[in-house]
Amino acid sequence: MENPLPWWHPRRFAERRARLEARARIASGLRAHFAREGFVEVETPALQVSPGLEPHLVAFETRLRAPDGKNERALYLHTSPEFAMKKLLVAGVPRLFQLAHAFRNAERSSTHHPEFTMLEWYRAGSDYTALMDDCERLLRVALEASGRDRLAFRGVECDPRLPAERISVAEAFAKHANRDVFALEPAPGDTFEDCFFRVFLNEIEPKLGIGRPTLVYDWPIALGALARAKASDPRVAERVELYVSGLELANGFSELTDAAEQRRRFEHDLAEKARLYGERYPIDHAFLAALEYGLPASAGMALGFDRLVMCATGASRIDDVLWAPVDEE
């Protein structure tokens, strides 16, 4: 039953206070962990030329006005700090992380919020296998800071002190859906992506991260727009996702460093967005210029911090771990 009191009412706030105090401890613990690992915490602008080009994301658009009021142009609140952080990799920052506010329109549910906190980090000279190790360590840091002995989501427990299950997408399809991911046959009017996620979300995702974390790696190349192809199997991208108690927490990859290939993938995603939703977002040409200048071999991960706090405190709704939600009125 929905609580009729506003979120700021002392009685309602008291119901969330213990989770919010745990949130603060978890953020401090993660910052200390990254400092020990030689990472620098950075801050990048939320206002960007391009909000991110994943076809299904909806951005918030705003207008940047000149002081004289004569000129203005469209900018967007970023859906992730990814483009700016990769520019810092090019600039020469080898290990960086950020707890950034990110913005995604048309998203509000028990696990989604229009403004949320993203933990994003990048490692020069590494690939996605290093990200898998990072994820396991970060979950243990969060658990310790929470003061609990298990992560949990909707009553399903996960112990991050156990070694994570590491399973490829192909193995997950075979194990949980008895299907060959490379032989999926889309129905008339469907794309490969439609067919893939119909199976993945319904038959596979609920079985991931049960009892221990799961890292799902080597995604079909069509689903890795910013990831490099795997040298030993060009059908897949070096992408990995982290799951806890059936909930996706993080997504990362070995970074694509080829500017021409990145442009081609951007154009493909923009065409798909136009086909599905009748709109396009701008390409960040400065990002492509940075790639052309020379993005080092690197890997990066984006983790939903609010979802991590949910699992670390046993919350079932994202609003229960936010200091202040976006008001709906």
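The values are calculated or read from the model by the stated rules, or taken from the named source; none is laboratory data. Because the structure is a prediction, the values reported are computed rather than measured. With ideal geometry, Cβ positions are generated from the backbone for all residues, glycine too; neighbour counts draw on all protein chains shown. These accessible areas exclude ligands, DNA and RNA; they are computed on the full protein's heavy atoms, side chains included. Shrake-Rupley method; radii C 1.70, N 1.55, O 1.52, S 1.80 Å.
This table checks each residue for (1) at pLDDT 95 or above; (2) basic (K, R).
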{"residue": "R17", "(1), (2)": "yes, yes"}
{"residue": "L20", "(1), (2)": "yes, no"}
{"residue": "G29", "(1), (2)": "yes, no"}
{"residue": "A35", "(1), (2)": "yes, no"}
{"residue": "Q48", "(1), (2)": "yes, no"}
{"residue": "D68", "(1), (2)": "no, no"}
*Going by the structure shown, is S28 polar (S, T, N, Q) and buried (at least 17 other Cβ atoms within 10 Å of the Cβ)?*
no
*Could you identify the single residue in A106, A91 that is open to solvent by 30 Å² or more (accessible area, probe 1.4 Å), out of contact with any Asp or Glu (no Cβ under 7 Å at 6 or more places or on another chain) and at positive phi?*
A106
_Looking at region 25-42, I want the residues that are more than 12 Å from L138 (Cα to Cα) and have a partner that is of a type in the set (S, T, N, Q) with Cβ atoms under 7 Å, at least 6 apart or on another chain. Which pairs are those?_
E41/Q98; V42/Q98
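Every residue, every condition in (1) under 29 Å from I283 (Cβ atoms); (2) open to solvent by less than 20 Å² (accessible area, probe 1.4 Å), yes or no:
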site	(1), (2)
R137	no, no
S146	no, yes
L151	no, yes
R239	yes, no
*Return the total of residues in region 277-294 being buried (at least 20 other Cβ atoms within 10 Å of the Cβ), hydrophobic (A, V, I, L, M, F, W, C) and either touching a Leu at 6+ places or on another chain (Cβ under 6 Å) or under 21 Å from F103 (Cβ atoms) (or both).*
1
_I need the full set of residues from region 252-276 which are over 30 Å from A152 (Cα atoms), open to solvent by less than 30 Å² (accessible area, probe 1.4 Å) and not hydrophobic (A, V, I, L, M, F, W, C), in order please._
E255, Q262, R265, D269, K273
*Can you find a residue in region 118-132 that is buried (at least 17 other Cβ atoms within 10 Å of the Cβ), of a type in the set (F, W, Y), at pLDDT 95 or above and farther than 17 Å from L249 by Cα?*
no
*asked:* Among the residues that make up region 186-208, is at least one of them touching a Gly at 6+ places or on another chain (Cβ under 7 Å) and either hydrophobic (A, V, I, L, M, F, W, C) or part of a strand (DSSP E or B) (or both)?
replied: yes
_Selection from region 153-170 of residues that are open to solvent by 70 Å² or more (accessible area, probe 1.4 Å) and either at pLDDT below 95 or not aliphatic (A, V, I, L, M) (or both)_ = R154, G155, E157, R161, P163, R166
*Considering every residue within region 241-251, establish whether at least one is under 29 Å from A74 (Cβ atoms) and either part of a strand (DSSP E or B) or open to solvent by 10 Å² or more (accessible area, probe 1.4 Å) (or both).*
yes
_Tally, over region 209-233, of residues that are closer than 18 Å to G246 by Cβ and in a loop (DSSP other than H, G, I, E, B)_ = 4
_Conditions (1) polar (S, T, N, Q); (2) without any contact (Cβ under 8 Å) to a residue 24 or more places away in the chain; (3) at positive phi; number of the one not met by S245_ = (2)
*Under 9 Å between Cβ atoms, at least 6 apart or on separate chains: pull out the pairs that start in region 157-173 with a residue that is assigned to a loop (DSSP other than H, G, I, E, B) and end on any residue that is of a type in the set (D, E).*
D159/D149; P160/E136; R161/D149; P163/E136; A164/E136
*List the pairs whose first member sits in region 199-225 and is open to solvent by 30 Å² or more (accessible area, probe 1.4 Å), whose second member is among the polar types (S, T, N, Q), and whose Cβ atoms are under 6 Å apart, counting only residues at least 6 apart or on separate chains?*
Y217/S168
*Of the numbered conditions (1) touching a Leu at 6+ places or on another chain (Cβ under 8 Å); (2) free of Cβ contacts under 8 Å to residues at least 24 places away in the same chain; (3) open to solvent by 50 Å² or more (accessible area, probe 1.4 Å); (4) more than 24 Å from K87 (Cβ to Cβ), H56 satisfies every one except a single condition; which is it?*
(2)
